[in-house]
Structures are given as structure tokens and as C-alpha cells.
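Trainee: I have a structure here, written as C-alpha cells, and I will follow up with some questions on it.
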Amino acid sequence: MIISHKHKFVFVKTVKTAGTSVEIALTPICGPEDTITKLADEDEELRIARTGRTFQNIEVRDEDGKEFLFRNHTPVRRARRYLTDRFESYFSFAFERNPFDRVVSAFHHTLRNRQARGVDVSDWTFDNFVTMKECQRLVRLRNTGFGLYSSKNEIAVNYVYRFEDLSIAIDDIFDRIGQPVPDDLPVTKRSDRDRNYRSYYTPYLRGLVEDHFVWELERFGYEF
């Protein structure tokens, strides 16, 4: 998450939607009083290398002295409580992604993390990832997507961009906050996965994702 008082915007960082790339791109324009949350260690190293900046002001107080802690994936509700009446004057935004593609991306991200810890993943399949513990990973993905940019089951940010339109979204975001568009976006968490996400799904797995992400599929016009 980024809360920029200098440019009056709130970036709500959802999971597996290029959020780290967007946050790194926004970091250089932030002022000294802005909140920039901490990334994973390897991503933080990339941010420092590209921008010379790192996370800052993650523990802050509001005008009444109440303490707030902001983390990488913090819900917009907390930003609203921190900013109180000022929130409405800030441009707030987040990103969404085709749930079928997002689930595959999350699977490979988890697989890489397990391999990095030396965990044997030889028998760990996409089927296991989706179905284990009564589809808890699908529930978690929804909570770290819609659950972050919503309040009382309604969208609570000014705009939700589509991951699939990332380049257009970046142009629009920087235009709205009156800053020049960066020449390129940093690439993070890239994998050699099959880009055809449909190849991962059986009819049963497809049905599970459809059941868990009904709203996203309808709201953003996503299809299998």
C-alpha cells in the first residue's frame, strides 16, 4: 500500500495483480511524509536498486493520535479510518485480474516459495492447490483481492483497474496525479509458467473458481 499525502492518492495493493511493480513505479514520486509499505526482501532490494528508496512511515498516527500500522496488503478500510474526512479527497485505486489466471499465478508463486525453502514439491499439483482444506486458498485469494478494496461488500475505492490493461492503467494513474509516466515498469516474480491458464483446469476446478469469484467474473466481464 501507498498513501501519498503529497499527491493525494491511496494505492491498495491486491495479491497477484502486478502490485509490486506498480508500487515500485510509484515510489520515486512519494514525499517524505507518505506511507510506503514494506515489500518482500527481494522486491525491496529491487526497489532500492531502481529508485534509491525503501519503505517508510508504516507506523503512523492520525490527527487524534490514534496509531495505525500499514502492511503490504492492507485493506482500504484502514486507510479510510486513518485519513478520516481526507480520504474522499484522495484518489484511491486497486487492481483486479481474471480469477482463472490469478489462481494459476498464485499457484506458481507458492510453488516457487516452497522450493526456495527446500520443500519437496514433486507431488504438489494445481489440483491440490485449488482443492486443499476446502478451497481455503481460493477464499484467501478473494480476501486479498476484492476483500482489500471493498467495504461492506461494496467497492470502496475510486477505481479498480484491470491487470490485463496494465499499461493503459499506469498512464491513467500518473495522469490523474499529475506526474510523468515512467519509461518502464519493473518486472517482479516472473516465472516460466504456461501462459495458457486454461490448460491447468479440469471442468471441476473451473467450476470451483467460478463459484468463488462470481462477482469478479460478472463485474469485470472475465471469462474462462
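The values are calculated or read from the model by the stated rules, or taken from the named source; none is laboratory data. What you are looking at is a predicted structure, and each value in this text was computed from that prediction instead of being measured. Please note: Cβ atoms are built from the backbone with ideal geometry, for glycine as well, and neighbour counts cover all protein chains shown.
Trainee: Please work out which residue is surrounded by the fewest Cβ atoms within 10 Å (Cβ to Cβ), limiting yourself to the range 87-119 and to residues that are closer than 20 Å to residue 75 by Cβ and of a type outside the set (A, V, I, L, M, F, W, C).
Mentor: The initial filter retains those residues of the range 87-119 that are closer than 20 Å to residue 75 by Cβ, namely 87-97, 99, 102, 106.
Going one step further and asking which of them are of a type outside the set (A, V, I, L, M, F, W, C), we end up with 88-90, 92, 96-97, 99, 102.
Numbers: 88: 10, 89: 8, 90: 20, 92: 23, 96: 22, 97: 25, 99: 25, 102: 24.
Top of the filtered list is 89.
Trainee: Could you tell me which residue of the range 192-213 is modelled with the highest pLDDT, considering only residues that are under 21 Å from the mean Cα position of the chain (by Cα) and surrounded by fewer than 11 Cβ atoms within 10 Å (Cβ to Cβ)? Explain how you work it out, then say what you get.
Mentor: Going through the range 192-213, the residues under 21 Å from the mean Cα position of the chain (by Cα) turn out to be 192-193, 195, 197, 209-210, 212-213.
Now restrict to residues that are surrounded by fewer than 11 Cβ atoms within 10 Å (Cβ to Cβ): 192, 195.
Details: 192: 66, 195: 76.
My answer is 195.
Trainee: Among the residues of the range 52-68, how many are surrounded by 12 or more Cβ atoms within 10 Å (Cβ to Cβ) and at pLDDT 95 or above? Reasoning before the result, please.
Mentor: The initial filter retains those residues of the range 52-68 that are surrounded by 12 or more Cβ atoms within 10 Å (Cβ to Cβ), namely 53-58, 60, 62, 68.
The next check asks that each one be at pLDDT 95 or above; those that pass are 53-58, 60, 68.
Residues that pass the stated criteria total 8.
Trainee: Residue 224: in contact with a strand residue (DSSP E or B) (Cβ under 7 Å, 6 or more places away or on another chain) and at pLDDT 95 or above, yes or no?
Mentor: On the way: in contact with a strand residue (DSSP E or B) (Cβ under 7 Å, 6 or more places away or on another chain): no; at pLDDT 95 or above: yes.
Criteria not met by residue 224.
Trainee: Please find, within the range 171-207, the residue that is farthest from residue 19 (Cα to Cα) out of those that are of a type in the set (A, V, I, L, M) and in contact with a Phe, Trp or Tyr (Cβ under 9 Å, 6 or more places away or on another chain).
Mentor: The initial filter retains those residues of the range 171-207 that are of a type in the set (A, V, I, L, M), namely 173, 177, 181, 185, 187, 205.
This time we only want the ones that are in contact with a Phe, Trp or Tyr (Cβ under 9 Å, 6 or more places away or on another chain), so: 173, 177, 181, 205.
Numbers: 173: 13, 177: 18, 181: 16, 205: 26 Å.
For the range 171-207, the residue satisfying everything is 205.
Trainee: Right, next: Count, please, the residues in the range 112-149 that happen to be within 13 Å of the chain's Cα centre (by Cα) and of a type in the set (Gly, Ala, Ser).
Mentor: Here the count works out to 2.
Trainee: Also: Within the range 49-60, does at least one residue satisfy the condition of being among the charged types (D, E, K, R), under 28 Å from residue 137 (Cα atoms) and out of contact with any His (no Cβ under 8 Å at 6 or more places or on another chain)? Lay out the reasoning, then the answer.
Mentor: First pass over the range 49-60, keeping only residues among the charged types (D, E, K, R): 50, 53, 59.
Imposing the further condition that a residue be under 28 Å from residue 137 (Cα atoms) reduces the set to none.
No, every residue in the range 49-60 fails to be among the charged types (D, E, K, R), under 28 Å from residue 137 (Cα atoms) and out of contact with any His (no Cβ under 8 Å at 6 or more places or on another chain).
Trainee: Let me ask something else. Hey, among 101, 127, 41, 123, which residue is among the acidic types (Asp, Glu) and over 30 Å from residue 210 (Cβ atoms)?
Mentor: Working: 101 fails: over 30 Å from residue 210 (Cβ atoms); 127 fails: over 30 Å from residue 210 (Cβ atoms); 123 fails: over 30 Å from residue 210 (Cβ atoms).
Just a single option satisfies the conditions, and that option is 41.
Trainee: Next up: Any residue in the range 41-62 that is under 20 Å from residue 178 (Cβ atoms) and in contact with a strand residue (DSSP E or B) (Cβ under 9 Å, 6 or more places away or on another chain)?
Mentor: yes
Trainee: Further question on the same structure: Please verify whether residue 28 is closer than 24 Å to residue 138 by Cα, of a type outside the set (D, E, K, R) and modelled with pLDDT of 95 or more, treating the condition exactly as stated. Reasoning before the result, please.
Mentor: Numbers: closer than 24 Å to residue 138 by Cα: no; of a type outside the set (D, E, K, R): yes; modelled with pLDDT of 95 or more: yes.
Here the answer is no, as residue 28 does not meet what is asked.
Trainee: Consider residue 43 against the criteria (1) of a type outside the set (Phe, Trp, Tyr); (2) closer than 22 Å to residue 146 by Cβ; (3) in contact (Cβ under 8 Å) with a residue 60 or more places away in the chain: it satisfies all of them except one. Which criterion is unmet?
Mentor: If we test residue 43 against (1) of a type outside the set (Phe, Trp, Tyr); (2) closer than 22 Å to residue 146 by Cβ; (3) in contact (Cβ under 8 Å) with a residue 60 or more places away in the chain, just (2) comes out false.
Trainee: Return a yes/no flag: does the range 3-19 have any residue that is over 19 Å from residue 172 (Cβ atoms), assigned to a helix (DSSP H, G or I) and either among the polar types (S, T, N, Q) or modelled with pLDDT of 95 or more (or both).
Mentor: no
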